[in-house]
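Some notes on the structure that comes next.
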Amino acid sequence: MPGDGEEQGGAEDAVEAMRTCYQGFDPAAYLQFNYTPPRADFQRADSVVPWKLACLHRAFSEGDVRGEVLVDVGSGPTLYQVMSGCEVFGRVVLTDFLEANRRELQRWLKDGSSSLDWTPYLEHVCQLEGRSPSASNEKVARLRAVVSDVLPIDIHRACPLAPGSLPPQGADCLVSCFCLEAASPDVASLQQALVHLSSMLRPGGHLLLIGALGESYYLGATDLHIPVVVLDEAEVCSSLSSSGYLLQQLSIYRLPSDMSVGVDDVTGVFFAKARKQQ
Ligand code: U87
């Protein structure tokens with residue numbers, strides 16, 4: 001039907017417009033906006049970054065999220081999302097659409113140089129694990145030992161990674177933070193991206209998903225407004241189940257007003273733990 005073709009063509013144009021938008025992304029500005037106080041204030045229990053780290057720590061300590069291969073989807077220039085998981089998995093794969101972000105990650109893995117000092121994050125996660133903050137050196141060594149690759153990815157392709165990047169059965173766990181809603185033009189393409197990600201995951205494997213609620217844009221550079229799919233809790237749940245995942249846990253964080261610092265209009269954050277249906 002001609003209508004179908006046009007619809008698909010329109011959807012592909014919208015996805016392409018998002019890809020183009022990301023060409024102006026500035027990793028250093030992005031880290032400054034989102035990964036310094038008040039959003040990353042380790043003295044405050046209600047700061048958003050400690051909340052995310054606590055969700056990930058809990059999920060990776062419960063015992064049922066395990067296996068050999070962990071893939072982080074849409075890593076951006078950040079490492080916090082694998083600081084707990086690197087203790088549980090023998091191989092960690094970082095991925096991002098942009099070369100600038102992959103380079104930022106490679107730099108840190110090579111010699112610790114980075115636009116952001118990750119030490120307070122590493123120390124905080126060591127404390128969550130009941131270790132002394134000074135064990136952060138061991139965590140650095142662990143991360144360098146288990147991160148095997150930093151790969152290009154596009155969640156809008158049926159096979160988001162280059163063929164052969166993962167074992168044939170797929171990864172044992174996927175983690176993805178703030179990527180799907182920030183890289184998709186609408187809810188339909190976000191759901192399609194969840195289906196694409198499912199092809200990277202073994203049946204019964206876990207998806208740990210963190211994302212923004214009520215957000216319509218964020219700054220990817222000082223003057224770059226990136227549009228975001230506005231999501232509510234119900235849409236998160238229905239998108240996961242319609243894409244073949246079983247939701248096991250959902251936690252919600254509401255943003256205190258002083259965390260609205262002019263870099264986005266997010267109102268909350270969700271954390272979902274789900275499994276790919278067997
Ligand atoms: C992070 N995971 O900071 N395929 O957690 C694959 C793509 C594609 C594509 C673009 C979003 C920023 C969220 C990292 C990076 C996440 N990036 C890549 C931001 C928005 C709420 C909020 C944010 C951050 C692209 C922290 C906090 C809050 C980026 C990544 C999106 N506002 N990946 N087709 N297109 N990407 O290169 O690296 O997605 Cl606390 Cl509240």
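Side notes on the structure shown:
- Note on segment 73-97: residues that are in contact with a Gly (Cβ under 8 Å, 6 or more places away or on another chain) and touching a residue at least 60 places away in the same chain (Cβ under 8 Å) amount to 3.
- Per-region count, segment 50-81, residues assigned to a helix (DSSP H, G or I) and within 14 Å of the ligand (Cβ to nearest atom): 9
- Residue in segment 60-70 that is more than 26 Å from LEU224 (Cβ to Cβ) and hydroxyl-bearing (Ser, Thr, Tyr) present: yes
- Number of the exception - GLU138 against (1) away from the ligand (no atom under 12 Å from the Cβ); (2) surrounded by fewer than 22 Cβ atoms within 10 Å (Cβ to Cβ); (3) touching a residue at least 40 places away in the same chain (Cβ under 8 Å); (4) of a type outside the set (Val, Ile, Thr): (3)
- For segment 87-126, taking the residues that are surrounded by 22 or more Cβ atoms within 10 Å (Cβ to Cβ) and of a type in the set (D, E, K, R), the one that is nearest to the ligand (Cβ to nearest atom) is identified as ASP96.
- The sole residue among ARG131, ARG102 that is in contact with an Asp or Glu (Cβ under 9 Å, 6 or more places away or on another chain) and assigned to a helix (DSSP H, G or I) is ARG102.
- The set of residues from segment 50-62 being within 17 Å of LEU247 (Cα to Cα) and either of a type in the set (Phe, Trp, Tyr) or surrounded by fewer than 19 Cβ atoms within 10 Å (Cβ to Cβ) (or both) comprises ARG58, PHE60, GLU62.
- When segment 11-41 is limited to residues that are in contact (Cβ under 8 Å) with a residue 60 or more places away in the chain, part of a loop (DSSP other than H, G, I, E, B) and crowded, with 16+ Cβ neighbours inside 10 Å, the one that is farthest from the ligand (Cβ to nearest atom) turns out to be ASP26.
- Hey, LEU208 more than 9 Å from the ligand (Cβ to nearest atom), crowded, with 23+ Cβ neighbours inside 10 Å and in contact (Cβ under 8 Å) with a residue 40 or more places away in the chain or not: yes
- Looking only at residues of segment 141-153 that are crowded, with 17+ Cβ neighbours inside 10 Å and out of contact with any Cys (no Cβ under 6 Å at 6 or more places or on another chain), we find that the one that is nearest to PHE60 (Cα to Cα) is VAL147.
- Scanning segment 233-251 for residues that are exposed (fewer than 13 other Cβ atoms within 10 Å of the Cβ) and in contact (Cβ under 8 Å) with a residue 12 or more places away in the chain gives a single hit, SER242.
- Qualifying residue in segment 158-165 (condition: within 16 Å of the chain's Cα centre (by Cα) and farther than 25 Å from GLU16 by Cα): no
- Single match in VAL229, VAL263 (criterion: surrounded by 17 or more Cβ atoms within 10 Å (Cβ to Cβ) and either under 20 Å from VAL49 (Cα atoms) or in contact with a Pro (Cβ under 6 Å, 6 or more places away or on another chain) (or both)): VAL263
- Condition met for SER47 (surrounded by 17 or more Cβ atoms within 10 Å (Cβ to Cβ), within 13 Å of the ligand (Cβ to nearest atom), closer than 28 Å to ASP265 by Cα and within 17 Å of the chain's Cα centre (by Cα)): no
- From the list ARG58, ARG19, ARG66, ARG44, the lone residue that is modelled with pLDDT of 95 or more and farther than 27 Å from PRO160 by Cα is ARG58.
The values are calculated or read from the model by the stated rules, or taken from the named source; none is laboratory data. All figures in this text were calculated on a predicted structure; none of them were measured in a lab. Cβ sites come from the backbone with ideal geometry, for glycine too, and all protein chains shown count toward neighbours.
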